[in-house]
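Report on the structure given below.
The values are calculated or read from the model by the stated rules, or taken from the named source; none is laboratory data. All values derive from a computational prediction rather than experimental measurement. Every residue, glycine among them, receives a Cβ derived from its backbone with ideal geometry; neighbour counts consider all protein chains shown.
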């Protein structure tokens, strides 16, 4: 499924404003919905507070798979939408919340790390794309993978 890139949000808002203004001008009736103005784009943004954005997993044995959870809180006034999450390498798979997070509520980004072939110290980052005032943020974890004895 293709995701809608956040960078196109301002164009979508302008298109919606044009559609509404055309409807208002042609219909001759009063609309009760609020007008869309240039400031609306900022009103759709929110803020995020990471409760735990850095994790130290410790030591694991090569071949183990570890699940990591990064918690956050929507500290703004609009629903928080995580559009995409991108891990720094293929050994880590990140999963975003599918539903918007309401103001004041908590959500989480999950990740799974496969340590096979990753002996030594590993530092992995996940970039989170969202409708926040800073459109990207990063979370990270460190793990030391010990060679398995076979």
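Note down all Cβ pairs under 6 Å where the first residue falls in the range 50-74 and is outside any strand (DSSP E or B), the second is surrounded by fewer than 12 Cβ atoms within 10 Å (Cβ to Cβ), and they're at least six residues apart or on different chains.
62/147
Hey, does the range 74-85 have a residue that's under 26 Å from residue 145 (Cα atoms), assigned by TED's automatic domain parsing to the domain that holds residue 142, crowded, with 17+ Cβ neighbours inside 10 Å and within 11 Å of the chain's Cα centre (by Cα)?
Looking for residues that are under 26 Å from residue 145 (Cα atoms), assigned by TED's automatic domain parsing to the domain that holds residue 142, crowded, with 17+ Cβ neighbours inside 10 Å and within 11 Å of the chain's Cα centre (by Cα), one finds at least one in the range 74-85, hence yes.
I need the full set of residues from the range 104-122 which are within 15 Å of the chain's Cα centre (by Cα) and either in contact (Cβ under 8 Å) with a residue 40 or more places away in the chain or buried (at least 18 other Cβ atoms within 10 Å of the Cβ) (or both), in order please.
106, 107, 109, 110, 111
For the range 30-46, check the following and say yes or no: at least one residue is under 16 Å from residue 139 (Cα atoms), in a strand (DSSP E or B) and at pLDDT 55 or above.
First, pick out the residues of the range 30-46 that are under 16 Å from residue 139 (Cα atoms): none.
No; the residues of the range 30-46 include none that is under 16 Å from residue 139 (Cα atoms), in a strand (DSSP E or B) and at pLDDT 55 or above.
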